[in-house]
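Inspection log for the structure reproduced underneath, given as structure tokens.
The values are calculated or read from the model by the stated rules, or taken from the named source; none is laboratory data. Keep in mind that this is a model prediction, so the values were computed, not measured. Every residue, glycine as well, gets a Cβ built from its backbone with ideal geometry; the counts of neighbours run over all protein chains shown. Please note that ligands, DNA and RNA were not included when accessible areas were found on the heavy atoms of the full protein model with its side chains. Shrake-Rupley method; radii C 1.70, N 1.55, O 1.52, S 1.80 Å.
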Amino acid sequence: MQRGAEVFALGNCATCHTAEGGIANAGGRAVETPFGTLYTTNLTPDPETGLGAWSFTAFDRAMRQGISRAGHNLYPAFPYTSFAKLSEEDMYALYGYLQTLPPVRAEVPQAQMVFPTNLRATTSVWNLLYHRPAELTPDPAQSEVWNRGRYLVEGAGHCSACHSPRNALGAEQGGAAALSGAMIKGWFAPALAGAPAGARGWQVESLYAYLRHGVAPGLAAASGPMADVVESLSPLPDADIRAMATYLASLTEGEAQAAPAPQLPAQPDATHRLFENACATCHEPAIAGTVTAAHVPLGQSMAIRAPSPEGLATVIREGLTAPFSHDLRDMPAFGGELSPDQIESLSAYLRARYAPDLPAWP
Ligand code: HEC
Ligand code: HEC
Ligand code: HEC
């Protein structure tokens, strides 16, 4: 029961399978894909609209092969490509846990996909090309903790679903591109592997702090979709968080690089004044340690260092909600006060001031 609840938490099932303002786990959340919109399903054990009548075999097939109980293919926006790596034991525990949720009767809307992806059978071709359903075999050259971490990150954690770039057909890219950073729902999910992650200076301790508490002091604070992930991880034991941190730290390459010194504009303009009025109280407070102040210097912000300005515009427009453990550390949304033009010039200003080592965005 407890293990099932942990796999459920790591899999972030509740976030995707709960509609905005809807009943927990009853499905109906719209998931936008480049090929159309689909809706998550009801995970509660209601026999007609949920998983109540599903055998373990049917559930296991859906989770590993992306085939629903009725036999139709599921779209890979449901991360079965990662869930296929779950051990038999964890899959069984997850199944048992789902059957203990309060049953809710809830029909969900039909997917609206563009041709030919509206034909679910096209997904079976996709599976032949891109899906390798197999459990992970432990790497004997690595420690038990490392292997545990890899299992959690690559399996139920499905971290690659957001952190790996996808090809034109929506499949996660592997090899050197795995976990190399990607745009997701208007947010930038930074690289977790290779030289870019190494340059950030990620180590076991900072990764642990980030995944456990939502903040690696001075380095990064989890916001947007990642704040949901961190909250969702809270039922996991410390040992599992540490195992993930150990595995992730092993994926980084190269030396840590200090954030560049901010470069004040030579000619303060209207955008500079806008920043000083709207943002500086929290981001460059005159008195250090103010309660509302951001944890992380803007020179470390990956939204500002991202390859495109889209994620930064999202942050300014929508603001940020800090994960559970950090009261008074939210950033207000500015979408109502600032015009799209102002957000664009503010973004260009932040890029020039806090990422002077990088080229301006086109
Ligand atoms: C990133 C969002 C996302 C996450 C995370 C996610 N799912 Fe889903 N899931 C979906 C979507 C979208 C569908 C519907 C796919 C379709 O209609 O083709 C789905 C479908 C399913 C189905 C098939 C149901 C049916 O009626 O055919 C099952 C079972 C399922 N999910 C279980 C889970 C479990 C268990 C977890 C956590 C371990 C989970 N999902 C996490 C998005 C998600
Ligand atoms: C739903 C999408 C999503 C999933 C799933 C996800 N992440 Fe993230 N992650 C993000 C986004 C977006 C950011 C950037 C957050 C920000 O700007 O504050 C991020 C940031 C991070 C960072 C900070 C990187 C940096 O250099 O600042 C780490 C570490 C991280 N994620 C680890 C993980 C791990 C481990 C998992 C799997 C357990 C995971 N993420 C799953 C979207 C996701
Ligand atoms: C009330 C305080 C407050 C104000 C005002 C504020 N912010 Fe923030 N901002 C935060 C907090 C808190 C975070 C979360 C990260 C942290 O704690 O370091 C944050 C994070 C950010 C990030 C980093 C996002 C990421 O994921 O990399 C950027 C960029 C940013 N703010 C820009 C702005 C801009 C531009 C303005 C003015 C239009 C502004 N902020 C106003 C509190 C504030």
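Observations on the model:
- Rounded to the nearest 0.05, the FRET efficiency derived from the C-beta distance between residue 100 and residue 266 at R0 = 51 Å is 0.20.
- Solvent-accessible surface ranking, highest first, for 154, 255 at 1.4 angstrom: 255, 154
- In this calculation the C-beta distance from residue 310 to residue 238 is compared with R0 = 56 Å, giving a FRET efficiency of 0.95.
- The accessible area of residue 226, taken with all protein chains in place and a 1.4 Å probe, comes to roughly 40 Å².
- Per-residue [θ]222 nm for the chain (sum of -39500 (n - 2.57) over DSSP H runs n ≥ 4, rounded to 500): -10500 deg cm²/dmol
- With the alpha-carbon atoms of the stretch 57-204 aligned to their principal axes, the span from lowest to highest coordinate is 47, 36, 30 Å, starting with the largest.
- Less than 5 angstrom separates the built amide H of residue 39 from those of 31, 111, all sequence-distant by 5 or more or on a different chain.
- Positive-end extreme of charge dipole, the stretch 220-362 - chosen from 314, 262, 345 (charges on Cβ): 262
- Difference of contour (0.36 nm per residue) and Cα-Cα distance, residue 169 to residue 32: 47.9 nm
- Tensor-based shape of the stretch 164-262 (alpha-carbon gyration tensor, a/c under 1.5 rounded, otherwise prolate or oblate): rounded
- Order by protection proxy (mean Cβ within 10 Å, highest first), peptides 62-73, 261-272: 62-73, 261-272
- The stretch 114-119 - phi-based ³J(HN,Hα) in whole Hz, Karplus 6.51/-1.76/1.60, Gly and Pro as x: 7, 4, x, 5, 5, 8
- Per-residue 3J(HN,Hα) values for the stretch 102-113, derived from phi via the Karplus relation 6.51 cos²θ - 1.76 cosθ + 1.60 with θ = phi - 60°, read x, x, 10, 7, 8, 7, 10, x, 6, 5, 10, 10 Hz in sequence order (x marks Gly and Pro).
- Rg/Rh for the chain, where both radii come from Cα atoms and Rh is the Kirkwood radius: 0.98
- Cβ-defined net charge surrounding residue 165, 15 Å radius [Lys, Arg +1; Asp, Glu -1]: 0
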